[in-house]
Amino acid sequence: MHSNHLTRRDVLKTAALGVLAAPLLGSLALGAEKKQKAAAAPATPPTYQKYPDGRENGLRLGIASYSVRNLTLDEAIATVQLLRVSNIALFRNHCNWEGATVDECRAVGEKLKAAGLKLTGSGVVNLPNDEAKCRQAFQNVKAAGMATMVCKPELAALPLVAKLAKEFDQKLAIHNHGPEDKLYPTPGVAFEAVKSLDARVGLCVDVGHSARGGEDAIAAIRKYAARVYDVHMKDSVAVPGAQRDIPIEVGAGRLDIRGMLKALLDVKYNGVVSFEYEKVFGNPVVGLAESVGYVRGVLAALAK
């Protein structure tokens, strides 16, 4: 039975590589010929636009652009489109939420919208106990039309951050980062910090870092469902307590991906499942395509 499961998983991942990764590699290698390719493209809308909110078999799928942090913004957009995903969370390499101007952030938001993508989140935005700096970040994400700011507030800044979240009507998701994170190592620690704050302040459950921090991501998703506003989907072969992650393609590691997806479906999670592929060697687009394909296969199986 175990071998059958692995065989099925390998088939899903092979299909993802064949269907998704090959065109991505070709597209990114031919950056100089973008205009020519666009002219030759079919007139019908791309497949990913069939999912206006990115929902597939019950869950909204998205890409955290940290996964392709070494690509340009235009290349990141092209990658997300070819993966047939309509939600994107932008890392600071693609838009500096802490330091850019409002006009620059607004322009990025307009570029994404023109590409048919929804800006659902960010890389981790650091929020110090400094109202001017925090206000700048809030103004920037609001100008870009971001749904949820994924962030890491200083503990002393939490009352200020909650005040600004209410003022800007901006949803926030505090990201847990494993044992090396002295502020928010697990979703449970983050929840204890925000549970008495304005309801706009919630959690981004990073499933890999949760496991390293010793907290079961499945249990966290169920327990803190009312405050889970974002999820970073990944896989890892690191053991609980490890100070460094060992990321791998989703479906090839130690994490119970099926259990996590089922928990999200059970609690009727309405946020985005953002793929954050962090493997540092090889072509990130291939691993990202494999990860998305695997999750799509699991969701299809759960829907039956």
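The values are calculated or read from the model by the stated rules, or taken from the named source; none is laboratory data. Being a predicted model, the structure only gives us computed values, none of them experimental. Positions of Cβ are backbone-derived with ideal geometry, glycine not excepted, and every protein chain shown enters the neighbour counts.
Restricting attention to segment 135-147, the residues that are touching a Lys or Arg at 6+ places or on another chain (Cβ under 9 Å) and either among the small types (Gly, Ala, Ser) or surrounded by fewer than 23 Cβ atoms within 10 Å (Cβ to Cβ) (or both) add up to 4.
Return yes or no: is Lys268 farther than 22 Å from Tyr184 by Cβ, charged (D, E, K, R) and touching a strand residue (DSSP E or B) at 6+ places or on another chain (Cβ under 7 Å)? Steps first, answer last, please.
Numbers: farther than 22 Å from Tyr184 by Cβ: yes; charged (D, E, K, R): yes; touching a strand residue (DSSP E or B) at 6+ places or on another chain (Cβ under 7 Å): no.
For Lys268, the condition - farther than 22 Å from Tyr184 by Cβ, charged (D, E, K, R) and touching a strand residue (DSSP E or B) at 6+ places or on another chain (Cβ under 7 Å) - is not met.
Just checking, which of Asp230, Asp130 is acidic (Asp, Glu), out of contact with any Pro (no Cβ under 8 Å at 6 or more places or on another chain) and under 21 Å from Asn93 (Cβ atoms)? Full working, then the answer.
Details: Asp130 fails: under 21 Å from Asn93 (Cβ atoms).
Matching residue, one of Asp230, Asp130: Asp230.
Using the structure shown, decide if Gly178 is of a type in the set (Gly, Ala, Ser), in contact with a strand residue (DSSP E or B) (Cβ under 7 Å, 6 or more places away or on another chain) and not in a helix (DSSP H, G or I).
Details: of a type in the set (Gly, Ala, Ser): yes; in contact with a strand residue (DSSP E or B) (Cβ under 7 Å, 6 or more places away or on another chain): no; not in a helix (DSSP H, G or I): yes.
In short, no.
Restricted to segment 235-254, and to residues there that are surrounded by 14 or more Cβ atoms within 10 Å (Cβ to Cβ) and small (Gly, Ala, Ser), the residue that is nearest to Val205 (Cα to Cα) is Ser236.
State yes or no: is Ile218 of a type outside the set (Asp, Glu), without any contact (Cβ under 8 Å) to a residue 60 or more places away in the chain and closer than 19 Å to Leu90 by Cβ? Reasoning before the result, please.
Numbers: of a type outside the set (Asp, Glu): yes; without any contact (Cβ under 8 Å) to a residue 60 or more places away in the chain: yes; closer than 19 Å to Leu90 by Cβ: no.
It is false that Ile218 is of a type outside the set (Asp, Glu), without any contact (Cβ under 8 Å) to a residue 60 or more places away in the chain and closer than 19 Å to Leu90 by Cβ.
Of the numbered criteria (1) within 21 Å of Ala193 (Cβ to Cβ); (2) surrounded by fewer than 20 Cβ atoms within 10 Å (Cβ to Cβ); (3) modelled with pLDDT of 95 or more, the one Gly271 fails is (2).
Can you name every residue in segment 211-224 that is modelled with pLDDT under 95 and under 13 Å from Asp256 (Cα atoms)? Matches in segment 211-224: Ala211 only. When we screen Ser236, Ser196 for residues that are of a type in the set (Ser, Thr, Tyr), over 22 Å from Gly121 (Cα atoms) and in contact with a Gly (Cβ under 8 Å, 6 or more places away or on another chain), the only hit is Ser236. Look at Asp103 and say whether it is surrounded by 12 or more Cβ atoms within 10 Å (Cβ to Cβ) and either over 20 Å from the mean Cα position of the chain (by Cα) or at pLDDT 55 or above (or both). When the stated conditions are applied, Asp103 does not pass them. When Glu110, Glu98 are checked against the criterion of being in contact with a strand residue (DSSP E or B) (Cβ under 8 Å, 6 or more places away or on another chain), among the acidic types (Asp, Glu) and modelled with pLDDT of 95 or more, Glu98 stands alone in meeting it. Kindly indicate whether any position in segment 145-155 is assigned to a loop (DSSP other than H, G, I, E, B), at pLDDT 95 or above, of a type in the set (S, T, N, Q) and closer than 17 Å to Leu203 by Cβ. The answer is no, given that none of the residues of segment 145-155 is assigned to a loop (DSSP other than H, G, I, E, B), at pLDDT 95 or above, of a type in the set (S, T, N, Q) and closer than 17 Å to Leu203 by Cβ.
Per the conditions (1) within 18 Å of Asn87 (Cβ to Cβ); (2) buried (at least 21 other Cβ atoms within 10 Å of the Cβ), the sole criterion not satisfied by Val194 is (1).
Under the condition of being among the hydrophobic types (A, V, I, L, M, F, W, C) and out of contact with any helix residue (DSSP H, G or I) (no Cβ under 9 Å at 6 or more places or on another chain), which residue from segment 148-172 is surrounded by the most Cβ atoms within 10 Å (Cβ to Cβ)? Please lay out each step first, then the result.
Restricting attention to segment 148-172, the residues satisfying the condition of being among the hydrophobic types (A, V, I, L, M, F, W, C) are 149-151, 155-158, 160-162, 164-165, 168, 172.
When the remaining residues are screened for being out of contact with any helix residue (DSSP H, G or I) (no Cβ under 9 Å at 6 or more places or on another chain), the result is 150, 156.
On the way: Val150: 28, Ala156: 9.
If we take residues in segment 148-172 being among the hydrophobic types (A, V, I, L, M, F, W, C) and out of contact with any helix residue (DSSP H, G or I) (no Cβ under 9 Å at 6 or more places or on another chain), then Val150 is surrounded by the most Cβ atoms within 10 Å (Cβ to Cβ).
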